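What follows is a short report on a single structure.
The values are calculated or read from the model by the stated rules, or taken from the named source; none is laboratory data. Only a predicted model underlies this, so the values are computations on that prediction, with no experimental measurement involved. Cβ placement follows ideal geometry from the backbone for every residue including glycine, while neighbour counts extend to all protein chains displayed. Only protein heavy atoms, including side chains, enter the accessible area calculation; ligands, DNA and RNA are left aside. Shrake-Rupley method; radii C 1.70, N 1.55, O 1.52, S 1.80 Å.
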Amino acid sequence: MTTDADPIRSLDPEAIRGRLRRVRERTLELVSVLDWETLRRQHTPILSPMIWDLGHVAHFEESWLVRELAGLAPIDAEAGRLFDPVLQPRSTRERLPLPSGEALLDYLERVRERTLTVLDDGIAGRGGAELLADGFVYEMVAEHEEQHQETLLQAMQVLERPGYAPPRRREPPPGRPGAAGMARIPGGPFRMGWEGAGFAYDNEKPRHEAEVAEFWIDRFPVSQGEYLEFVEDGGYRRPDPWSAAGRAWLAESGAEAPANWFREGGQWRARFMDRSGPLPREAPVVHVGHHEAEAYARWAGKRLPTEAEWEKAALWDPVTGAARRWPWGDEPPGPERANLDQLVFAPAARGAYPEGASAYGVEQLLGDVWEWTASDFRPFPGFRAFPYEEYSEVFFGDEYKVLRGGSWATRPAVARGTFRNWDYPNRRQIFAGFRCARDG
């Protein structure tokens, strides 16, 4: 059975049609319970109005699957300008003449009809063989939409009174209380990055030799209960665990706890979409920025892992001397191995996915929460921008920190073990947590 954990790997029209259809069905399902006014508003300055994200999904699809592949004219030039992220910076998007819900759905449908016509006609003009190889450009468009689904969910998490109530929800498996500890990862070289046929972003390539010294890494992400100890020990009031940049952020933000925590009756509670209640102490802490993760690690006498350390602990198999596709092996993700695919709508308890362990016994590396690393977002040796510079290359440098692993809101195909996410150290809207490391 084909699932969305199996990305497009060929130019088979039926496989492409099915993948694009299933992705769109999920997008429309997620927004189906929200009214036009909610979709139209910009609920936080660092996220677009949800209606803009939906229009941008169609604009991106048209740009690559209609205009780039077939050289056809835009379906709606005004919509193209409206949903172009370069022409329309995020700070301006709420003031744009955004379409009604009916007009937006019509735009989505017209673009999809043209996409399928191009697919059926076998038109491949300016796009070239590299874009089409193994269905690369079609999978890129599918995963772009899946990434915007996660962006939409970030906006939905911000909604309050009422909170976002999903149209359906899946309960996660139970955790293993008391599971904790650290795993030892031997030093030495390993092969890092993506290699093989099919789609991966340019920043995941090329596979290259990396080397790390021996280190230890938490077997699980830091939990809500562990993070509560940091909060109750004055972690947000004492300067010593924080970097200079972290102290500046703390003074400016006035933060006292993760972004989804709130006080009620003298106790900390947490909100996950429309559900609020006592802190789920065994679940990973979420909605913390890099500054907070770094401060906690220092308070705990540890540090954040580097990106290379994270990937070795997650994907390297010391027995075969090769990288796995996912921490557990080459079988695609399923609900028994990882909390992915959005439908749990919160991180699962520690130890809920023993079948998802890596070769070193490290668990919950994919799903639940994106994990902050200590690494700046930089290109791998031999990097080549493809198919456009604006995805990765313009962000390289020391402004952004790398996150790895995916969250509960990440679709399975996007959550390949080599996927690299990045954001500013002060960002907390993403479904991000962390795990700690220490030197061997």
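Applying the selection to region 206-220, what residues are surrounded by fewer than 19 Cβ atoms within 10 Å (Cβ to Cβ) and not aliphatic (A, V, I, L, M)?
PRO206, ARG207, HIS208, GLU209, GLU211, GLU214
Quick one: is ILE51 surrounded by 15 or more Cβ atoms within 10 Å (Cβ to Cβ), at pLDDT 90 or above and farther than 22 Å from ALA103 by Cβ?
Considered against the rule, which asks whether it is surrounded by 15 or more Cβ atoms within 10 Å (Cβ to Cβ), at pLDDT 90 or above and farther than 22 Å from ALA103 by Cβ, ILE51 comes out as no.
Here is a yes/no grid of residues against (1) under 26 Å from ILE8 (Cβ atoms); (2) modelled with pLDDT of 95 or more; (3) among the β-branched types (Val, Ile, Thr); (4) open to solvent by 50 Å² or more (accessible area, probe 1.4 Å):
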| site | (1), (2), (3), (4) |
| --- | --- |
| ARG26 | yes, yes, no, no |
| LEU47 | no, yes, no, no |
| ALA70 | yes, no, no, no |
| GLU78 | no, no, no, yes |
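Please give the number of the condition ASP341 fails out of (1) closer than 26 Å to VAL286 by Cα; (2) touching a residue at least 24 places away in the same chain (Cβ under 8 Å); (3) open to solvent by 20 Å² or more (accessible area, probe 1.4 Å); (4) over 15 Å from the mean Cα position of the chain (by Cα).
Against the list (1) closer than 26 Å to VAL286 by Cα; (2) touching a residue at least 24 places away in the same chain (Cβ under 8 Å); (3) open to solvent by 20 Å² or more (accessible area, probe 1.4 Å); (4) over 15 Å from the mean Cα position of the chain (by Cα), ASP341 comes up short only on (4).
Considering only region 376-422, state which residues are in contact with a Lys or Arg (Cβ under 7 Å, 6 or more places away or on another chain) and of a type in the set (Asp, Glu).
Selection gives ASP376 alone.
Say whether the condition of being in contact (Cβ under 8 Å) with a residue 40 or more places away in the chain, open to solvent by 40 Å² or more (accessible area, probe 1.4 Å), part of a loop (DSSP other than H, G, I, E, B) and within 28 Å of ALA313 (Cβ to Cβ) is met by at least one residue in region 160-171.
Yes: one or more hits.
For every residue, the table says whether it meets (1) more than 13 Å from ALA293 (Cα to Cα); (2) touching a residue at least 60 places away in the same chain (Cβ under 8 Å); (3) in contact with an Asp or Glu (Cβ under 7 Å, 6 or more places away or on another chain).
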residue: THR373; (1), (2), (3): no, yes, yes
residue: PRO379; (1), (2), (3): yes, yes, no
residue: GLY382; (1), (2), (3): yes, yes, no
residue: GLU389; (1), (2), (3): yes, no, no
residue: TYR400; (1), (2), (3): yes, no, yes
residue: ARG411; (1), (2), (3): yes, yes, yes
residue: VAL414; (1), (2), (3): yes, yes, yes
residue: PRO425; (1), (2), (3): no, yes, no
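Of all residues being part of a strand (DSSP E or B) and touching a Phe, Trp or Tyr at 6+ places or on another chain (Cβ under 8 Å) in region 277-321, which is least open to solvent (accessible area, probe 1.4 Å)? Just the residue, please.
Once the filter is applied, the top-ranked residue is PRO284.
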